[in-house]
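Colleague: My structure is below; once you've seen it, I'll send some questions.
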Amino acid sequence: MVNNLHIHISLLFNLFIIYGHLPATFIHSVVIPLIKNKNGDISYLKNYRAIAISTVFSKLLEGVLEKFLHSTNFIDNYQFGFKRGFSTGLCTSVFKQTVDYYINRGSHVFACFVDFRKAFDNVDYWKLCLKLLNDGVNALIVRLLAAWCCNQICCVRWRSTFSTGFRMSNGTRQGGVLFPYLFTRYIREMLGAIVDSGIGCLIVGMIINVLAYADDLVLTAPSWKALQLLLGILDDQAADIDMHCTKRYCSLVQYGLSHYQKMDCQQLTYIHNCLCLYCYVCLIIFRYFWCKYVIKRSVQFSSVYCNTDKKLSA
């Protein structure tokens, strides 16, 4: 029986795909809240990150489905999250070398660090399934994935206490095998629109105007005007996939020439210390570069690129 276990599992998974149905116990997962900032307020709801723990067989099915869902694109070179052999250190290195390239040639770089509000939780299943169908993924597999996403049941575990079960109507489960890739696939067109614009930093014919690590982005441009255009593209593309920026943690940074300290940007408020969304990444970056200006985090991020009366100076 043990030697034939893989045969029975294979038959079971094939039936799942043929009928597009998964039993409730199979897709049930336990959500464990983890504290983001242990020094913060542990009674504050937004100070927790939810990690979903699934059954072994569901993770096995995810691993099988990933081989049928996975697709590659040139734009994936700008995404450093959830990829084997890639890390925050590599993303940091590319960003550092880009800024260093311009500074060594007497120029400067303007960067915008962007953080999205509950990016994983706001993934629209139907838009995701449409993207997979456009990739040529088998319709039966997409149907199974849609049934899985729309009917998944979760409960919350706090120490030894479990809550009653509830359904998740949107979002990708953090902690799953398959869902990290699905998120990167979900935002691929957004990154592609930024890269295809051709606006931003350019190194030997290679456009490097956006770098992504999962849902964290940094836009780079040699001028405020170019950065303004990139933010406009990002705003339009993010709205199409129901993603919104976290205004509090989005920061604008200038690296480079010292005479730009007299730049006329009366509309913006600056601070000398900086806390960017790339907590680990930025700590490394700022060891190499002197941060010239950082827009105060309380500035409404939407006013940077939406309000024509408060646009950045070119």
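The values are calculated or read from the model by the stated rules, or taken from the named source; none is laboratory data. These figures come from a predicted structure and were not determined experimentally. With ideal geometry, Cβ positions are generated from the backbone for all residues, glycine too; neighbour counts draw on all protein chains shown. To get the accessible areas, we keep the full protein, side chains included, count just its heavy atoms, and leave off ligands, DNA and RNA. Shrake-Rupley method; radii C 1.70, N 1.55, O 1.52, S 1.80 Å.
Colleague: List, in order, the whole-Hz ³J(HN,Hα) value for each residue of region 182-199 obtained from phi through the Karplus relation with A = 6.51, B = -1.76, C = 1.60 and θ = phi - 60°; use x for Gly and Pro.
Modeller: Listing the rounded values in order: 4, 5, 5, 5, 5, 9, 4, 5, 5, 5, x, 5, 5, 5, 5, 5, x, 9 Hz.
Colleague: Quote the FRET efficiency, to the nearest 0.05, computed for Lys38 versus Thr246 with a Förster distance R0 of 30 Å and r equal to the Cβ-Cβ distance. Each step should come with its number before you reach the end.
Modeller: Details: r = 20 Å, r/R0 = 0.68.
Working from the Cβ atoms, E equals 0.90.
Colleague: Per residue, what accessible area does region 15-73 have, given a 1.4 Å probe and all protein chains present, in Å²?
Modeller: Values: 3880 Å² over 59 residues.
With all protein chains present, region 15-73 gives 66 Å² per residue.
Colleague: Which value results for Rg/Rh of region 64-103 when Rg is the Cα radius of gyration and Rh the Kirkwood radius based on the inverse mean 1/r? Numbers along the way, then the final one.
Modeller: Values: Rg = 13.7 Å, Rh = 12.0 Å.
Ratio of gyration radius to Kirkwood radius: 1.14.
Colleague: Between Phe74 and Met206, 0.36 nm times their residue separation minus their Cα-Cα distance comes to what?
Modeller: Taking Phe74 through Met206 to full extension adds about 46.3 nm, to one decimal.
Colleague: With the full set of protein chains in place, find how many percent of the accessible area of region 1-55 is carbon and sulfur; take the probe as 1.4 Å.
Modeller: Numbers: 2570 of 3970 Å².
Roughly 65 percent of what the probe reaches on region 1-55 is carbon or sulfur.
Colleague: Quick one: if you stick a label point 7 Å off each Cα along the C-beta vector at Asp124 and Asn47, how many nm between them?
Modeller: Once both label points are built, they end up 3.5 nm from each other.
Colleague: Between Asp236 and His28, what is 0.36 nm times their sequence separation minus the Cα-Cα distance? Round to one decimal in nm.
Modeller: Numbers: separation 208, 0.36 × 208 = 74.88 nm, distance 3.55 nm.
Contour length minus Cα-Cα distance gives 71.3 nm.
Colleague: What's the magnitude of the charge dipole for region 1-79 around its Cα centre, counting Lys and Arg as +1 and Asp and Glu as -1 at the beta-carbon? Answer in Debye, nearest 20. Don't skip to the end; give the middle numbers.
Modeller: Working: 6 positive and 4 negative charges, 55 e Å.
Roughly 260 debye for region 1-79.
Colleague: Could you list, bin by bin from short to long, the percent of Cα-Cα pairs of region 81-165 in 10 Å steps?
Modeller: Histogramming region 81-165 at 10 Å steps yields 12, 22, 26, 24, 12, 4, 0 percent.
Colleague: Further, regarding this structure: Counting every Cα pair in region 136-215, what percent are over 21 Å apart? Could you put the intermediate results ahead of the total?
Modeller: Numbers: 1638 of 3160 pairs.
Of all Cα-Cα distances in region 136-215, 52 percent exceed 21 Å.
Colleague: With unit charges on the beta carbon (Lys/Arg positive, Asp/Glu negative), name the residue among Leu60, Ser87, Asn73 whose Cα is farthest towards the positive pole of the charge dipole of region 41-126.
Modeller: Checking the options against the dipole of region 41-126, the answer is Ser87.
Colleague: Let me know the Kirkwood hydrodynamic radius for region 105-253, please, with Cα pairs as the basis and the value in Å to one decimal. Intermediate results must be reported in sequence, preceding the final value.
Modeller: On the way: mean 1/r = 0.0579 Å⁻¹.
Roughly 17.3 Å, rounded to one decimal.
Colleague: Computed FRET efficiency, Cβ-Cβ of Arg105 and Arg159, R0 51 Å: what is it to the nearest 0.05? Present the calculation step by step, with values, prior to reporting the outcome.
Modeller: On the way: r = 57 Å, r/R0 = 1.11.
The calculated FRET efficiency here is 0.35.
Colleague: Where the Cα atoms of region 1-119 are projected onto their three principal axes, how long is each span, largest first, in whole Å?
Modeller: Result for region 1-119: principal-axis Cα extents of 70, 43, 26 Å.
Colleague: In the structure displayed, which of Lys83/Lys131; Lys96/Lys225; Lys36/Lys67; Lys67/Lys131; Lys36/Lys118 lie more than 24 Å apart, Cα to Cα? Mind dumping the intermediate values first?
Modeller: On the way: Lys83/Lys131 20 Å; Lys96/Lys225 22 Å; Lys36/Lys67 32 Å; Lys67/Lys131 16 Å; Lys36/Lys118 14 Å.
Cα-Cα > 24 Å for Lys36/Lys67; rest within.
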